[in-house]
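Single-structure report; data block below.
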Ligand code: SRM
Ligand SMILES: Cc1cc2nc3c(=O)[nH]c(=O)nc-3n(C[C@H](O)[C@H](O)[C@H](O)COP(=O)(O)OP(=O)(O)OC[C@H]3O[C@@H](n4cnc5c(N)ncnc54)[C@H](O)[C@@H]3O)c2cc1C
Ligand code: SF4
Ligand code: FES
């Protein structure tokens, strides 16, 4: 069962950029790529908790601003030599709006 | 039908001749080679390192069997030519093989001279010439203890060193009282002897051998004074004799060697000769550099260009014993009327001597510090008049302004293009740099393959590596230049910089299209670089792309490890007022800044500010008159100043005021990397101007301008660019230097490595010697500043890029 929440307009996120959604339990980074796909993941690098939302977005990946680890936006997995994974959340564009499914977050909190 | 070319002797000079020939006329001849040794051509020079176990036989093969096959050369290994039949134009080998020739090359090298004392034919008495000799020495070292080397010259000492390293007890017997008397004068020879003794070698000086003792194998040695020493192995290294027996038997005119003219032809015009077997203008040579010159000339005539002449060579020598630096060249024993310059530091084991005649270098001997050997050798060969720099000549070529961070890359960059780097192969700096740049070479092996530099004795390897490093930038480090920018492209920073200018590429997409990027939108490495290059080249047209900047520059503060940011307002020249300090104190209270600190750049840092507070804080600071300090940017950072003539009893100029003017001129400018300035009021240099990217030191008559300093990871003291008289000139030079750096350097390359890579000469040529170019650069800089000096903090306080600083709320 998915449970989509409307977050913002697609244009609220710059292309190849991101925004941060604050929730009670954690910050969630929402990324928009050059091809207007959107992705959501926990805004915390598994390395030393760097805010991934502040990294440079390229292709379907983001580079952590603190020590340059690279993460696949779809899976949340570190790419290349580094190892680690951050939680991802389903995200999609519906018309001009960005929707995220936070049900995973609620389960986690529970 | 092709002409038939036959070569006797498969050694260094001969095969080099073939290489030169194949370069210009690959198909002219059907080539056949005879070599007495059972190996393809190898680097005979490197037998010493093989003996010392620093290298293996495989390492020293120069042309493997495949090379001969690829070039269609028929190679007869292990066959000795025993006769030349000049009438039927054929050569005959010991196994009966016959080969006919239209042209013949004799490259038979030389034989070690064996002193005919009683016992010289005993097993265990050998020369030091080929792989077989080295094998014999290595075998003996496993079985026996005592080795005696007769001959304290270059070869003898290298043999002795190698045998010592194999664990033998080694005595060097030398007829004279100085070692290497043909290459060294007495003081240098004494230093050499001392260091070899330290390595455990024993010496019998002024000693002459009466006989070699033993029945089945050598057991000892008797001197003419009757003393005897034990010996299980005797290596004779007392000299070489050109190998002329074959030529002589064929009726070719020989004296000490096979006599040739300036085209390397013997008295039989179908027969050429090169290498150690040759006598030219009454000289025989025993080092590869002259032989390779001969090879070039012979090849030039064999391929019928017919223009080259060999006119003899001056040689220089180095000893290949690890840990011993020794260099000599020319006539180093002075004659009447010569002048001698000597620099000596016995405690450092350093000795340098130059012999001058009519203010020209005639000879050089160096021990301990041989860095400038190639420079002296160049002065010697070119007969340069040295009166202008006689006073400092012994300190080397690079005595100027180098505060003890002697690094060879800097020195090698200062050499002129025609300075010889590789003495063996006669390769000059210009050729090497050219090959590196044009052929995109990265490794020592590439350079060896393309230029031959460092491929023979290897003693110039350090210089070649330094040239590589300074030409391709930090070739091995993080900011390479000829390497691809990143994994998205095969093109280098230089390619991209040139392409952007030449093809008027003005958007990131057009650059990626033009250079066929392999990713749709680049990566975290190339995007910031491209964004910078476009901004620097098209200040009026290009729209800065925030998403291609690192977070610090996107958020205009340094990100901290907890995700908060720091705020450093600009304080021009480090000056501030009570009101300034009050305003900073107020924002600190208002936004509960956890920590404040005075930075190393003469201003105040507010740490730990939450991202969403940044625009609010900036608004307050902006209202109080502050602009961003760009402490986060690849940009103009600080202009450090001292008290100067306003207050200081030593101040010669208003260094503080000038610093403020400089900061007003330059703030806001984006750079390849961060950029720091300083102005000191007198040479006491309290503002540390000589470790800044651009430093001004005030003096009574005006201003010294220094460039390319760095106080960071690797300290580099600036180079003096020039002296000027007025503040206006200081501003012009500063702007011009910055603009040159902005347009020429690679992204993330600071001025220190940039100046080292490009050379101070380049900087001087652009902004010192060419006043027109300097003014143009200065104008271009000021033009680009009209777009850059818009305070990013105020813009964001007024609402720009608001999304960057606000979070989303779930509806
Ligand atoms: C704040 C300050 C230290 C201080 O409290 O004094 C500082 C702080 C940092 N320096 Fe620095 N440097 C500071 C003066 C210096 C100086 C001294 C100077 O400028 O006189 C140097 C040596 C001089 C020089 O640059 O040649 C210096 C050499 C470096 C280097 C090494 C640069 C190099 O070329 O080797 C780095 C690393 C880099 O840039 O890649 C660095 C990098 C950094 C960074 C930006 C590290 C980073 O990437 O996050 C630090 C940010 C701390 C933060 O979270 O805010 N900092 N740094 C100084 C700010 C000066 C200012 O007012 O803007
Ligand atoms: C241990 C050692 C260290 C050295 N170190 C240096 C140094 O640091 N710097 C430097 O510049 N020089 C050095 N040299 C000298 C340098 O190696 C020689 O100058 C160079 O190799 C001479 O080249 P060549 O072609 O004239 O003779 P070689 O390289 O000796 O080649 C001659 C070849 O011809 C073959 N040959 C002879 N007669 C016949 C025949 N009738 N039929 C078939 N084949 C025949 C020989 O077997 C030999 O292989 C060193 C030499 C030695 C031995
Ligand atoms: S640099 Fe010279 S003038 Fe300036 S403060 Fe130091 S001593 Fe005084
Ligand atoms: S915190 Fe992300 S790479 Fe170190």
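Throughout, read-outs are computed from the coordinates displayed, never taken from laboratory work. Just so it is clear, the structure is predicted and the values come from calculations on it, not from any experiment. Cβ: placed from backbone, ideal geometry, glycine included. Neighbour counts: every protein chain shown.
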What base-10 log of the normalised intensity I(q)/I(0) is obtained for the stretch A:4-109 from the Debye formula, alpha carbons as equal point scatterers, at q = 0.11, 0.18, 0.19 Å⁻¹? -0.29, -0.79, -0.88
Between the stretch B:314-330 and the stretch B:235-259, what's the alpha-carbon centroid distance in Å? 26 Å
So what does log10 I(q)/I(0) come out to for the stretch B:160-291 at q = 0.12, 0.14, 0.16, 0.21 Å⁻¹, using the Debye formula with one equal point on every Cα and no solvent? -0.70, -0.84, -0.93, -1.12
Put in order of increasing Cβ neighbours within 10 Å, starting from the fewest, B:595, B:688 give B:595, B:688
When the convex hull of the Cα atoms of chain B is projected onto a plane and the area is averaged over all directions, what value comes out in nm²? 45.4 nm²
Residue mean of other protein chain beta carbons inside 10 Å, B:562-575: 1
Expressed as a rounded percentage, what relative contact order does chain A have, with Cα pairs under 8 Å and six or more residues apart? 27 percent
Let me have the relative contact order for the stretch B:493-549, percent, based on Cα pairs under 8 Å that are six or more residues apart. 37 percent
Rounded D (µm²/s) - the protein assembly as shown, Kirkwood Rh over Cα pairs, Stokes-Einstein at 20 °C, 1.002 mPa s: 65 µm²/s
Length released on extending from residue B:270 to residue B:578, taking residue separation times 0.36 nm less the Cα-Cα span: 101.4 nm
With only alpha-carbon atoms in the gyration tensor, what are the semi-axes of the equivalent ellipsoid for the stretch B:493-549, in Å, largest first? 15, 14, 9
Taking Cα atoms only, helix B:493-502 is inclined relative to the longest principal axis of chain B by an angle, in degrees rounded to 10, of 60 degrees
Quick calc: nm separation of the 7 Å Cα→Cβ label points for residue B:216 and residue B:190 -> 4.8 nm
Can you sort B:497, B:810 so the residue with the fewest Cβ neighbours within 10 Å comes first? B:810, B:497
Give the separation of the Cα centroids, the stretch B:642-689 to the stretch B:759-810, in Å. 20 Å
Virtual spin-label span in nm between residue B:115 and residue B:225, 7 Å along Cα→Cβ: 1.5 nm
Would you calculate a helix-derived [θ] at 222 nm for the protein assembly as shown, using -39,500 (n - 2.57) for each DSSP H run of n ≥ 4 and dividing by the full residue count, to the nearest 500? -8500 deg cm²/dmol
Everything considered on the Cα gyration tensor (a ≥ b ≥ c; rounded for a/c under 1.5, else prolate if a/b is larger than b/c, else oblate), the stretch B:125-238 must be described as oblate
Per residue of B:510-520, count partner chain C-beta atoms within 10 Å of its C-beta, then hand back the mean as an integer. 1
Any idea how far apart residue B:135 and residue A:97 come out in nm if each label point goes 7 Å out from Cα toward Cβ? 8.7 nm
May I ask for the angle, rounded to the nearest 10°, between helix B:131-143 and the longest principal axis of chain B, with both axes built from Cα atoms and the value confined to 0 to 90°? 90 degrees
What angle do you read, to the nearest 10 degrees and between 0 and 90, between the alpha-carbon axis of helix B:727-744 and the longest principal axis of chain B? 60 degrees
Looks like the stretch B:633-790, by Cα gyration tensor root eigenvalues a ≥ b ≥ c and the a/c under 1.5 rounded cutoff (else prolate when a/b is bigger than b/c, oblate otherwise), is rounded
If r is the Cβ-Cβ distance from residue B:336 to residue B:307 and R0 is 35 Å, what FRET efficiency results, to the nearest 0.05? 0.30
Return the whole-Å distance between the Cα centroid of the stretch B:411-443 and the Cα centroid of the stretch B:338-401. 22 Å
How crowded by other chains is A:32-42, given as the mean number of beta carbons from other chains within 10 Å of each beta carbon? 1
Report the rotationally averaged projected area of the stretch B:1-73 based on its alpha-carbon convex hull, in square nanometres. 5.1 nm²
Theoretical FRET efficiency, 1/(1+(r/R0)^6), r = Cβ-Cβ of residue B:543 and residue B:90, R0 56 Å, to 0.05: 0.10
Going from the fewest other Cβ atoms within 10 Å to the most, one would list B:460, A:45 as A:45, B:460
